[in-house]
Structures are given as structure tokens and as C-alpha cells.
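For reference, the structure is listed below as C-alpha cells.
Please treat every number below as a calculation from the coordinates, not as lab data. Since this is a predicted model, take the numbers as computed values, not measurements. Backbone-built Cβ (ideal geometry, glycine too); neighbour counts: all protein chains shown.
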Amino acid sequence: MGGPVLLQWNGEAFEPANRHWARECDKRFVVGEFYTLAEHNDRSMNSHRHYFAAVNDAWRNLPEHYSGLPFAESAEHLRAYALIRTGYCDAHTIACSSKAEAARMAAFIRPIDAFSVVDVKEATVTRYVAKSQSMKAMGKQEFQESKTAVLDFLDDLIGVERGATQRNAGAAA
């Protein structure tokens, strides 16, 4: 089964949008069979570009006291950090036999992925990895929710009114 098929509603029925989609329908579907149709809304590329421009602006405007911290290395590091801090991440936990072992384990894990966050509490190590925001990995609604959460987090981090980063990046997108 392939991805979505582009169809056009003619007032009575859905028809393939052009010859390419007609051939694709001929390959994938059987005449006379019933198929369930589900609307598929692609993410807006403008929203996608706006988001990355806003993150880049926030990174360029980080206060000096964040200089040297891992998340301040690049806009991509900052985006991953913000996704993790807002809950758009996967967590992997390792229970160690002692605090010393947990410290050694964390020291081993940290360099594996510069975009992850490794946290040690007592004898437990947790590695947080940001969720992918690729078109394939994250749908329109989840992307919009994560975009809002990340931009609000970044506004708080750089000490500006919520919505400022989003508004200011509007000119860049």
C-alpha cells in the first residue's frame, strides 16, 4: 500500500486529479470494491520554514549567560533541547547498581548523541532524545502543537513575551 492519492471532488464523486494519479489508482485499487477515504492534510511548508526561522532567531538571541552550554551550540541543538524540555521526546532509562556506576554510564552515553539530554538521579540514568519533526515522522496537528510548545519555551528561555519569537520570525519566512 502506498501513500495518499490526490483526488478531486467533482460534486458527485472523487476523481484522480490527473493522469498520473489515475494510473496510480489503476495499480492500487479494484473496480467495484469499496474503500474507506480519509482526508490527509499535508503540513504547510510555510509553517515548517517559519518554525525553523523562528528557532534560528531564538538561537541568535540567546542571552550571553547560556554561552558554552550544550544546547547553545547551534539552532539545531537548541531545537532538540526545546523539544525534549517540552515533552516531545523519547526517554530511555537505565537502572544502575550505584551512583558511581550511574555517573560512569552517563559519561559513556553523553557523547553518543550531541542532541540528547542525559540525566542522572541517584543510581538511575535517563537519556532523552527529541522526536523527529520530519514530515514523515510527525503529522500536521502534532507538528503544530510541538511548534507552539517549542516557541513558547524559547520565548521563556530568552526572556521575551510569549509569541514574540513567532511574530518576529514571520518576516523571515
In nm, the gap between the two label points placed 7 Å beyond Cα toward Cβ at H40 and A137 is 2.0
If one builds a Gaussian network model of the chain from Cα atoms under 10 Å apart, the most fluctuating residue listed among A38, A107, A80 is A38
Rounded to the nearest 500, the 222 nm mean residue ellipticity computed for the chain from DSSP H runs (n ≥ 4, each -39500 (n - 2.57)) alone is -13000 deg cm²/dmol
Contour minus Cα-Cα span, A91 to R28, at 0.36 nm per residue, comes to 18.8 nm
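Tell me which DSSP H helices of the chain clear both cut-offs, 18 Å or more of axial length from alpha-carbon atoms and a mean Kyte-Doolittle hydropathy of at least -0.5.
140-158
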By the C-alpha gyration tensor axes a ≥ b ≥ c (rounded if a/c is under 1.5, else prolate when a/b exceeds b/c, else oblate), the shape of the stretch 23-163 is oblate
